[in-house]
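The values are calculated or read from the model by the stated rules, or taken from the named source; none is laboratory data. These figures come from a predicted structure and were not determined experimentally. Cβ sites come from the backbone with ideal geometry, for glycine too, and all protein chains shown count toward neighbours. Please note that ligands, DNA and RNA were not included when accessible areas were found on the heavy atoms of the full protein model with its side chains. Shrake-Rupley method; radii C 1.70, N 1.55, O 1.52, S 1.80 Å.
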Amino acid sequence: MRWTKSLIPTLKEDPAEAEAVSHRLMVRAGLVRQLAAGIYVHLPLGQRVMDKINAIIREEMNRIGGQEITMPVLHPAELWQQTGRWAAIGDEMFRLHDRGKREMCLGMTHEEVIAWLAAREIHSYRDLPQTWYQIQTKLRDEARPKSGVLRTREFLMKDSYTLDRDEAGLDKSYQLHKEAYCRILERCGLAFHVVESDPGMMGGAGAHEFMAPSDAGEDEIAHCDRCGYSANVELAGSRPRNPTFPDWTLEEIATPNAGTIEEVCALLKIDPALTIKSLLLVTKDGPLLALVRGDQHLHEKKLSIVAGEFRPAHRDEIRSHLGAEAGSIGPVGATLPTIADESLRVGRYVVGANKDGFHLRGVVPGTHFQPRWADIHHARSGDGCPRCDADLRIERVIEVGNIFKLGTKYSVSLKAMYLNEAGEERPIVMGSYGIGPARIAAAAIEQHHDQLGIVWPEAIAPYQVHLLPVNMRDDKMVELAEAIYTQFQGGRVEVLYDDRDERPGVKFKDADLLGLPLRLTIGSRALKEGVVELKARKTGEELRIPPSEAVPRTKALLSRPAK
Ligand code: ATP
Ligand code: MG
């Protein structure tokens, strides 16, 4: 493609509103433009990247037996009402009325439509298993659209759905998807972790996320380099390291004016890990005392899994249940249901005495009070891996893909049934799998760039080669450039030919910014000494070769067969 015939609006300056590197570079390199908050136009180069990613996704989906379909973006409300998600999902769903005043919504995902389709088209065990997928626009009124195309309100998703007879079938379909997702991300040049995740609003029995390490990410995972354990911090387990416990015996000590953990520790000159943080909460069953070690944080989501929804108790509730201010409460002698974090199973601690201005020292959980045990703390860097006890690392990541074992939640509510071999009616067992091509593109840029611009992984680069004659006013040079351009086209190499009459500095800067894998520069040497320069964007390595070898040598350096 000739640059002069293309829309490649590169920018010299960073856009003011862009924080994430990928956002900055996608705008500067002329890949995207923002129409409104979280709504983007993909320009020609951006579109080529999306096409390449989608082609890889299609190949891998087809390879595991996926059949491509296209489902509508516009859905009748009834489908979503039948599964309960019309009410369960809040403002994230775009809702509207048609001219007949019927309620509709814009599809944010397609489990409902799939179950509707399966209810009509799948009849017997002989029709199963099935894998259906689409690459389709999703609409979600995200609370905080940001970071360029990483979180938008309208975006493309490849979503697939598997239909199986039973759990064993689902396990197989799920495993195939897991492998396909790994191949997709590897082929797109991403570094990633596959982590256990919380099934959340999808419901269901198990889920994994595909997480690309990047500071621009909104998620965090706990990862063990030794055994490979990886989980979203939303549910990651960990074994906090034990402090050295002093040989305390149980006694009451005065702690005047010390309410917070910091104040108590400063007064007693002890490590916060030797204290217990006691929090009074109110659940629908009444008050509940939650305990975590003083140096740790209560993980509200983990606690809500074991205790249901809760709120912090008010000051007067704390006094009426425990007889003291929040800073002096504790589990000893309390007659409330108590949940203690697993890490408190060992050790002797300082806890509030349920008496203003006093604490107890030497309290042994399990001896001096009897809690229910649960994992309710946040995993931190340096905690022990729950599997092998090596140090965990907390890493910031971008979620690029997500897979769920749905089970029968949707098939039961939408009556997607089949007849088994005995002629009995059974609900179809479903799985659901999503991956975001724009997030893959942005994550690839986050992981592959330098201070000059993007460094595209070859498989998803908008073009493979950047052909750059430095002076378009030199007829001989143009003649050579045109000849090489024609040869590249004949050899089916994807080439961007910078035929602009621009200063060399401008052209080189843009080439670095665009980040195509190989750059073939035709400079004055080409004519004087008979050499052109072939440079790899990634390594900076440069070869000087005769113009007649330019095309075969370039092709030899490309790992991907040209389309
Ligand atoms: P997140 O937790 O980041 O909101 P999600 O769990 O809602 O993601 P899914 O519903 O599982 O995401 O969607 C599957 C994939 O679609 C995600 O892994 C991501 O690649 C992509 N995706 C989801 N939401 C967006 C968005 N707002 N903008 C761009 N891509 C998105
Ligand atoms: Mg979301």
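Pick from GLU59, GLU142: which is in the same structural domain as LEU31 (by TED's automatic domain parsing) and within 16 Å of ligand 2 (Cβ to nearest atom)? Show your work before the answer.
Numbers: GLU59 fails: within 16 Å of ligand 2 (Cβ to nearest atom).
Within the list GLU59, GLU142, the selection yields GLU142.
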Looking at the structure I just gave you, is ALA16 more than 30 Å from PRO129 (Cβ to Cβ), loosely packed, with under 14 Cβ neighbours inside 10 Å and in contact (Cβ under 8 Å) with a residue 24 or more places away in the chain? no
So which residues in segment 323-350 are of a type in the set (Lys, Arg) and in contact with a strand residue (DSSP E or B) (Cβ under 6 Å, 6 or more places away or on another chain)? ARG348
Residues satisfying the stated conditions in segment 376-410, i.e. open to solvent by less than 20 Å² (accessible area, probe 1.4 Å), more than 16 Å from ligand 1 (Cβ to nearest atom) and in a strand (DSSP E or B): HIS377, GLY384, LEU392, GLY407
Tabulated pairs, segment 392-408, first free of Cβ contacts under 8 Å to residues at least 24 places away in the same chain and hydroxyl-bearing (Ser, Thr, Tyr), second more than 16 Å from ligand 1 (Cβ to nearest atom) and assigned to a strand (DSSP E or B), C-beta under 7 angstrom, 6+ apart or interchain: THR408/PRO427; THR408/VAL429
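Let's see how each residue does on (1) away from ligand 1 (no atom under 16 Å from the Cβ); (2) assigned by TED's automatic domain parsing to the domain that holds ARG24; (3) modelled with pLDDT of 95 or more:
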residue	(1), (2), (3)
VAL412	yes, yes, yes
GLY423	yes, yes, yes
ARG426	yes, yes, yes
TYR433	no, yes, yes
PRO437	no, yes, yes
ALA441	no, yes, yes
TRP456	yes, no, yes
VAL478	yes, no, yes
GLY490	yes, no, no
I'm told ASP219 meets every condition in (1) modelled with pLDDT under 95; (2) of a type outside the set (Gly, Ala, Ser); (3) crowded, with 22+ Cβ neighbours inside 10 Å except one. Can you identify the failing condition by its number? (3)
Cβ-Cβ distance below 9 Å, separation of 6 or more or different chains: which pairs start in segment 531-550 with a residue that is among the β-branched types (Val, Ile, Thr) and end on one that is open to solvent by 70 Å² or more (accessible area, probe 1.4 Å) and in a strand (DSSP E or B)? VAL531/ARG544; VAL532/ARG544
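Going through segment 411-449 one residue at a time, which ones are under 16 Å from ALA20 (Cβ atoms), open to solvent by 20 Å² or more (accessible area, probe 1.4 Å) and in contact with a helix residue (DSSP H, G or I) (Cβ under 8 Å, 6 or more places away or on another chain)? First the steps, then the outcome.
Initially, segment 411-449 is screened for residues under 16 Å from ALA20 (Cβ atoms), giving 436, 438-449.
Still in the list and also open to solvent by 20 Å² or more (accessible area, probe 1.4 Å): 439, 446-449.
Those that are under 16 Å from ALA20 (Cβ atoms), open to solvent by 20 Å² or more (accessible area, probe 1.4 Å) and in contact with a helix residue (DSSP H, G or I) (Cβ under 8 Å, 6 or more places away or on another chain): ARG439, GLU446, HIS449.
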Only one of (1) under 30 Å from THR255 (Cα atoms); (2) within 22 Å of the chain's Cα centre (by Cα); (3) in a strand (DSSP E or B) fails for TRP373. Which number is that? (2)
Output the number of residues of segment 419-436 satisfying the condition of being in contact (Cβ under 8 Å) with a residue 12 or more places away in the chain, outside any strand (DSSP E or B) and away from ligand 2 (no atom under 16 Å from the Cβ). 3
